[in-house]
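Below: one structure, written as structure tokens.
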Amino acid sequence: MSEMLILVMSGAAGFGLGVFFFAGLWWTIRRSFSARRPALLLLGSLLLRMGIVLGGFYLVSDGDWQRLLVCLLGFVIGRFILTRFAGPPLEQSPAAAREAGHAP
């Protein structure tokens, strides 16, 4: 395969890894409010997401720093696009805001 095609595929893989990582983070944060053990959920999710993403970076790079760099660029682009379209942050109820001691 040509080197340019490999770099494009590395960027696409990085984009997919970024979307996976930050979509998983978004899902975890939303679920943590109703979880019985939110700390365990957050820690387990972090370890799982980081393990998959780091393994993906390792496989995509195949020892080549250029592939790793393009994969990382795709990861960051995936983050920007996902955070743009994920929607607004969670709204806090006025009662919960009073309980927390600050404005909603």
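The values are calculated or read from the model by the stated rules, or taken from the named source; none is laboratory data. Predicted, not measured: the structure shown is a model, and the values here were computed from it. Ideal geometry is used to build each Cβ from the backbone, glycine not excepted, and the neighbour counts take in all protein chains shown.
Can R36 be described as closer than 20 Å to G24 by Cβ, charged (D, E, K, R) and not in a helix (DSSP H, G or I)?
The answer is yes for R36.
For the stretch 69-86, what are the residues that are out of contact with any helix residue (DSSP H, G or I) (no Cβ under 9 Å at 6 or more places or on another chain) and closer than 15 Å to G24 by Cα?
Hit for the stretch 69-86 is F85, nothing else.
Residues of the stretch 1-53 being under 22 Å from G63 (Cα atoms), of a type in the set (G, A, S), exposed (fewer than 15 other Cβ atoms within 10 Å of the Cβ) and at pLDDT 95 or above, which ones?
If the condition is that a residue be under 22 Å from G63 (Cα atoms), of a type in the set (G, A, S), exposed (fewer than 15 other Cβ atoms within 10 Å of the Cβ) and at pLDDT 95 or above, then G51 is the only one that fits.
Given the conditions (1) exposed (fewer than 12 other Cβ atoms within 10 Å of the Cβ); (2) on the phi < 0 side of the Ramachandran plot, report the number of the one that F75 does not fulfil.
(1)
Pairs needed: first member in the stretch 1-14, in a loop (DSSP other than H, G, I, E, B) and of a type outside the set (S, T, Y); second member anywhere, surrounded by 10 or more Cβ atoms within 10 Å (Cβ to Cβ) and at pLDDT 95 or above; C-beta distance under 9 Å; at least 6 residues apart or different chains.
Close Cβ pairs satisfying both conditions: M1/M9.
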